[in-house]
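The values are calculated or read from the model by the stated rules, or taken from the named source; none is laboratory data. Bear in mind the structure is a predicted one, so any value in this text is a computation, not a measurement. Don't worry about glycine lacking a Cβ; one is built from the backbone with ideal geometry, like all the others, and counts go over all protein chains shown. Heavy atoms of the whole protein, side chains included, go into the accessibility calculation; ligands, DNA and RNA do not. Shrake-Rupley method; radii C 1.70, N 1.55, O 1.52, S 1.80 Å.
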Amino acid sequence: MEIYPAIDLMGGKAVRLYKGKKNTVKVYGDPVEIAGRFAELVDKIHVVDLDGAFQGFPRNLDVVERIIRETGLRVQFGGGLRSYEAIERAYEIGVENAIIGTKAFDLDFLRKVTEDFEGITVSLDSKGGRIAVKGWLESGIPVRDAYEMLKAYVNRFVYTSVERDGTLTGIEEIERFWKNEEFIYAGGVSSAEDVVRLKRIGFSGVIVGKVLYEELVKLEDLLEVV
């Protein structure tokens, strides 16, 4: 099981939101500096362009490029990747996995980008058991239906519990519904015990953010658990 420390970007800064709401932003500092600290313990991180998620196109790719260049970290990146050009640009700057949310449900688009790029990952953002789209502002089809629809195109998913994201309230109760695909969990992780539970469920990775920023648990301890 992989641990992916998260860096959420807004206005060039590392921030965290509460349940994905823009008016709950808390700034934590320089994302490149934070990435450098993560690089001492892991070789891959999770980066989200929140400006991109809300506006529909990436706004912080320059910061992502600096993170990759200055720290040597591998990066899975999402937030506003809703055009072929945006995904192409993400790979050009060295992103290892482009994460698509809203646009993944355009199956012609998904077919094209999965043919042309390696490592495309789909984010299944769950809100009340249904897919949250357009910056988590609107609800769509049930999450399991979305998985069944998209598994023919990709074998790597991020499952995000929107209602727990940034809350430190613990992980969502979830039963495994996927097969052999790589499935990564995000949302509400508050302890090493949460990580152990996710591993038992069968997740192949977990994204951790606020619990690290608020220093409630050390990254070293999470890595030791897995």
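Results, tabulated for the structure shown:
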{"read-out": "Efficiency of FRET from Cβ geometry, Gln55 and Glu92, R₀ 22 Å, rounded to 0.05", "value": "0.60"}
{"read-out": "Residue (of Ser126, Gly79, Ile93) at the positive-pole extreme of the chain, dipole from beta-carbon charges", "value": "Ser126"}
{"read-out": "The chain: relative contact order in percent, alpha carbon pairs under 8 Å with at least 6 residues between", "value": "18 percent"}
{"read-out": "Fluctuation leader among Gly187, Gly36, Gly80 - the chain, Gaussian network, Cα springs under 10 angstrom", "value": "Gly36"}
{"read-out": "Tyr159 long-range amide H proximity, modeled H, under 5 Å", "value": "Leu124, Ile184, Tyr185, Ala186"}
{"read-out": "Number of Lys pairs (Cα under 30 Å; 8 or more positions apart or on different chains) in region 80-226", "value": "28"}
{"read-out": "Size of region 135-226 as Cα extents on the principal axes (Å, biggest first)", "value": "38, 30, 19"}
{"read-out": "At most 15 other Cβ within 10 Å, DSSP loop - GluC sites (Glu not before Pro), region 30-82", "value": "Glu40"}
{"read-out": "Nonlocal amide H pairs with Asp8, under 5 Å, H built at 1.01 Å", "value": "Val15, Val48"}
{"read-out": "Cα shape, region 6-101, gyration tensor, a/c 1.5 rule", "value": "oblate"}
{"read-out": "Derived scalar couplings ³J(HN,Hα) [region 168-176; Karplus, 6.51 cos²θ - 1.76 cosθ + 1.60; whole Hz; x for Gly, Pro]", "value": "6, 9, x, 7, 6, 6, 8, 9, 4"}
{"read-out": "Only Lys, Arg (+1) and Asp, Glu (-1) charged, at Cβ; the chain dipole about Cα centre in debye", "value": "560 debye"}
{"read-out": "Solvent-accessible area per residue, Å², over region 40-168 with all protein chains present [probe radius 1.4 Å]", "value": "43 Å²"}
{"read-out": "Length gained when the stretch Asp43-Glu182 is fully extended (0.36 nm per residue, less Cα-Cα span)", "value": "48.3 nm"}
{"read-out": "Computed magnitude of the charge dipole of region 101-226 (debye, nearest 20; Cβ of K, R +1, Cβ of D, E -1)", "value": "300 debye"}
{"read-out": "In sequence order, calculated HN-Hα J values of region 48-56 (Karplus, 6.51, -1.76, 1.60; Hz; x Gly/Pro)", "value": "10, 8, 5, 4, x, 4, 7, 9, x"}
{"read-out": "Cα point-scatterer Debye curve for region 57-119, base-10 log of I(q)/I(0) at q = 0.18, 0.25 Å⁻¹", "value": "-0.58, -1.05"}
{"read-out": "Assigned charges on the beta-carbon of Lys, Arg, Asp, Glu; region 1-103 dipole about Cα centre (debye)", "value": "540 debye"}
{"read-out": "Volume of the Cα convex hull of the chain, divided per residue and given in Å³", "value": "106 Å³"}
{"read-out": "Carbon/sulfur fraction of accessible area - the chain, other protein chains in place, 1.4 Å, %", "value": "44 percent"}
